[in-house]
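Notes follow once the structure below has been shown.
The values are calculated or read from the model by the stated rules, or taken from the named source; none is laboratory data. What you see is a predicted model, and the numbers here were worked out from it, not measured in a lab. Cβ: placed from backbone, ideal geometry, glycine included. Neighbour counts: every protein chain shown. With ligands, DNA and RNA removed, areas are computed over all heavy atoms of the protein, side chains included. Shrake-Rupley method; radii C 1.70, N 1.55, O 1.52, S 1.80 Å.
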Amino acid sequence: MTADEPGVPGRGAASAGSAPVPGATGAGAGGGTGAGGGDRGIPDAADPADAAAGPPGDPADGAAPAPGDPADGDPGASGDPGASGASAGAPPAGGAGVSPAGDGPAGPFAEGAGDPDDEPDPSALRIEELILGSERQYTPFQAARAAGVSMELASRFWRAMGFADVGQARALTEADVLALRRLSGLVEAGLLSETMAVQVARSTGQTTARLADWQIDSFLMGLTEPPEPGMTRNEVTFPLVQLLLPELEEFLVYVWRRQLAAATGRVVQAQDDEEMVNRRQAIGFADLVGFTRLTRRLEDEELGELVEAFETTSADLVAAHGGRLIKALGDEILYVAEDAGTAAEIGLRLIETMANDATMPELRVGIAFGTMTTRMGDVFGNTVNLASRLTSIAPKDTVLVDGALRAELTASGAAPESEKESEDLSGYRFALQPLYQRPVRGLGVVEPWLLRRRGTGG
């Protein structure tokens, strides 16, 4: 139920800067203080007298007997499989959905998924506690009960967040309990449906997992080289994390708020719901030519540096000129722009910038304009497929666009209707040259247009 395999720090469920939901109180997970009592009738999980608090076998913990007792760690012994909000004082509903065999929705909590006897490295555990703000004290079953949710719902949330199976190991913290309580509180308050809450968990988990991996691989690893002979990496890492954690946490919340404000602005400016879901935008792919050959020729470290340089340069260019980077796929990026002129400018600048870098392979770009569906931060539809196909047939160091984007450019005055019939071309930003029509797999016959900046190449 947590992304921490025992001994792997930094992938917990701490939440920072989030406002309490209706019916949920207590300190933020980032502080590690957990939730206070009185949350929708749920007792304080930190109270030794609470039925969900103590470790297995604690005499004060009447609801958490030692492992092997049917009342603990065996959700199959509990009642109604449909319930999703059992109180903390009684075992939550689970039924077949929380089978110890791991066949149902509660698979991450199944016996055998994690070994309760596996003890993490003490130094790694110390760093984990620093990051999460509290120590491990709950099994998954105890955490779900303390949060007042069923094992089935808890399993859905934790799977969506991408956390690893831990079986019935005592590997969860107060922050994990609070995260479950907050998500279920949003559902109970009617602010989110259960399906939407799972989507929120999945999108947040996928985004932050990549962020955490990037920070560890590219940032912390470079900063924790022992400054003196004899010092271990752990001896250097702990004080470094101690200093960086609050600053990075604040910065993360700031960037998220800025991105949320920008996304909300796009929704508010949309004319109607249909325009928001199926939007007409420009979509562009940029692809490094001959990347497969490069992978056979370059060392892994050199290849990694090239990919990072490509992604960084591309992301900066896209953002600086008003586009949005949807995703980077190593040798390829995908971006969107609200208007055709912005997308065209970005495509040409990508070509020009990479051509001036001797370490970069040639680039090719394909851009299409039309309706696309946005979901979970990604884009889908025939327009996206067309842009991808245009990229695959584009010669190196060129930008190919479809007829719809060409029409948008001419309608806005960025390009002429006809190069030959226009007497004065000085006022146009772009030049367009029709190429031979050709069949494109899955999309029929298309007529690509070669896009150039006015005054270059004809």
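Quick notes
- Under the Karplus curve 6.51 cos²θ - 1.76 cosθ + 1.60, θ = phi - 60°, whole-Hz ³J(HN,Hα) for region 178-191, x wherever Gly or Pro sits: 5, 4, 4, 5, 5, 4, 5, x, 5, 5, 5, 7, x, 6
- Distances between placed amide hydrogens fall under 5 Å for Asp397 paired with Leu363, Arg364, all partners being 5 or more residues away or on another chain.
- Karplus (6.51, -1.76, 1.60) ³J(HN,Hα), θ = phi - 60°, over region 310-322, in Hz, Gly and Pro reported as x: 5, 5, 5, 4, 5, 4, 5, 5, 4, 5, 4, 9, x
- Virtual spin-label span in nm between Leu244 and Asp357, 7 Å along Cα→Cβ: 2.3
- Over region 308-350, accessible surface divided per residue gives 36 Å², non-protein components excluded, 1.4 Å probe.
- Net charge over other residues, Cβ less than 13 angstrom from the Cβ of Trp449 (K, R count +1; D, E count -1): -2
- Electrostatic bookkeeping for Glu332 treats Lys and Arg as +1 and Asp and Glu as -1; over the other residues with beta carbon under 15 Å from its beta carbon, the sum is -2.
- Placing a pseudo-label 7 Å from each Cα along the Cα-to-Cβ vector at Leu260 and Val200 gives an inter-label distance of 1.0 nm.
- For the listed peptides 170-178, 443-451, a ranking on the average number of other beta carbons within 10 Å per residue, highest first, reads 170-178, 443-451.
- Amide H to amide H, with H built 1.01 Å from N, Leu172 comes under 5 Å of Gln137, Tyr138, counting only residues 5 or more places away or on other chains.
- Estimated inter-spin distance, Leu443 and Asp121, nm [label 7 Å along Cα→Cβ]: 4.9
- Karplus 3J(HN,Hα) series, Hz, for region 245-253 with 6.51 cos²θ - 1.76 cosθ + 1.60 (x for Gly, Pro): 3, x, 5, 5, 5, 4, 5, 4, 5
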